[in-house]
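J.: Pasting a structure here, questions to come.
The values are calculated or read from the model by the stated rules, or taken from the named source; none is laboratory data. As the structure is a prediction and not an experimental result, all values here were calculated from the model. Cβ coordinates were reconstructed from backbone atoms using ideal geometry, including for glycine residues, and neighbour counts include every protein chain displayed.
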2 protein chains.
Amino acid sequence: MHKITADKDGWITVRIDPKYEDPWTRLDVETVIRPSRPDQPHAWTVVHRRAAAVVAAFTREGRLVLIRQERIPLRAALWEFPAGQIDEAHEDDDRVIHETARRELREESGYVVPDGSPLEPLGLFFTSPGFTDEHGYLFVARDAVRVESQSHHDAGESILEVREFSVPELRRMIASGESRDANTLAVFARMCAMGIV
Amino acid sequence: MHKITADKDGWITVRIDPKYEDPWTRLDVETVIRPSRPDQPHAWTVVHRRAAAVVAAFTREGRLVLIRQERIPLRAALWEFPAGQIDEAHEDDDRVIHETARRELREESGYVVPDGSPLEPLGLFFTSPGFTDEHGYLFVARDAVRVESQSHHDAGESILEVREFSVPELRRMIASGESRDANTLAVFARMCAMGIV
């Protein structure tokens, strides 16, 4: 359990019953005391996944890099911001999170950001806090340049296309519902709230 | 499997191996043929959850109703838009989805929307398409009025507070990272993209 979801402020983990585990996913039934009901330990199903780094990369022309990726749970391909999982052992290390963001951008889209152009962190978000601790660290990158024509990825990923979209194009895709994954919507929400788009 | 994630357009489900199930969560290892690699069936861990309805309810004064809810997987409470799960058997029925949205708004926040004020659908989104088919149907409600001072919820939920926030207040909470769940960020992204906020 990493710091972000560790017991604190009246939360007490009474028991953890492991139910399923593979290299990507762990499912436990966790019996927990909540601050609001200290006398009622409550059992809850929790799915654990590694945290992700998600990157909204702007080119010098102010366009955003998206990938179209096949998603097995949906039986469909979605246009999304590049993202990848962070090595769990190093999630407390900001440097590793930033490196993961840069690496995934390159591997998934073939774009790189100059070393002199730091990633701008937009904080984290939780994908579905009712049942999982999974969270994503959101970044904006600037001056992204395409250096490879193909994306590199493992057998579990199928990236079909890489394309740049203008901000008005992305806005239309979000308004129409074509853009429909939490990573992309969360970055866009933060960018809107911060006045970046 | 509901229509949204059913096999289509070259997707073929070869085999489903059930690994865990309880009333809220089902975990299967699914062997699937993807359109881009028709010769390579691929096994993938998929968590199934019921779809949710999520409501951004505006009062007549243009303020938004949020609830602060304890989330066991995070060992923390978050400010979120009211949301609740849709009866799986009826997810194809728009009327049921709208009714779920109204019911959850009332049960979680104590606010109701007049019958004559239809909910405005903002489409759906997927919370984490890399590992789950879970999705949320997003709505905007208008003219919300508080009719009960307390929220009603079951033992699995702990709603600590209900409060109205102005749009600039919510914008600041999103920009600062205080608002950090996908439901709230997804609704905000769609509302931004559509010019509602």
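J.: Considering only the range B:5-28, state which residues are outside any strand (DSSP E or B), surrounded by 16 or more Cβ atoms within 10 Å (Cβ to Cβ) and within 23 Å of the chain's Cα centre (by Cα).
T.: Passing the criteria: B:5, B:25.
J.: With the requirement that a residue be over 22 Å from residue B:178 (Cα atoms) and aromatic (Phe, Trp, Tyr), what does the range B:13-72 give you?
T.: B:20, B:24, B:44
J.: Now a separate question. Which of (1) closer than 19 Å to residue B:183 by Cβ; (2) in contact with a Pro (Cβ under 9 Å, 6 or more places away or on another chain) is the odd one out, the single condition residue A:187 does not satisfy?
T.: Failing condition for residue A:187: (2).
J.: For the range A:151-170, does any single residue satisfy the condition of being modelled with pLDDT of 95 or more, crowded, with 20+ Cβ neighbours inside 10 Å and of a type in the set (D, E, K, R)?
T.: Looking for residues that are modelled with pLDDT of 95 or more, crowded, with 20+ Cβ neighbours inside 10 Å and of a type in the set (D, E, K, R), one finds none in the range A:151-170, hence no.
J.: I need the full set of residues from the range A:48-97 which are crowded, with 17+ Cβ neighbours inside 10 Å and at positive phi, in order please.
T.: A:75
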